[in-house]
Amino acid sequence: MQNKKKNVASVSSPADKANNLLNVLLQTNGSDDGDFDINLDLDNKKIGSFLKSMRLIKLMTLMDIQNITKISYQQIKKYEENKSRISINNLQLILSALGLSCTLNITNKEPTEEH
């Protein structure tokens, strides 16, 4: 009989997967006070992934977020799955429910010429 080893290292929890995704999305500002900046450039795909990651890290359900924000869990799921665009107001409500805040920076980007 031959002994076969099982690869256990490939198994990870939802929180581990969320942490891995969060590490990809985060851009830290290097401050010592624990604050960090997240640059999402209002890309709905990144925003949805970020919201889901943070919800999983905080061990919150869609219903938990719904109860705090009064946004239906179905709508929150659509945001997380990038099936619906999120308004700034709803983004702020969800971030607040997750214990986060949001600052909106509007910049003027020069249009690029297409040839």
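Rounded, prolate or oblate for the stretch 54-115? Axes are the square roots of the Cα gyration tensor eigenvalues, ordered a ≥ b ≥ c, and the cut-off for rounded is a/c under 1.5.
prolate
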Worksheet item: Can you pick out the pairs among LYS78/LYS109; LYS58/LYS83; LYS52/LYS78 whose Cα atoms lie more than 21 Å from each other?
Response: LYS78/LYS109; LYS58/LYS83
Worksheet, complete the sentence: Residue by residue through the stretch 47-53, the couplings from Karplus 6.51 cos²θ - 1.76 cosθ + 1.60 with θ = phi - 60°, in Hz, x for Gly and Pro, are 5, x, 5, 5, 4, 5, 4
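For ILE57 and SER84, calculate 0.36 nm times their separation in residues minus their Cα-Cα distance, and state this gained length in nm to one decimal.
7.5 nm
Only the coordinates and a few stated rules stand behind these numbers; no lab work does. The shown structure was predicted, so the numbers you read here are calculated from the model rather than taken from an experiment.
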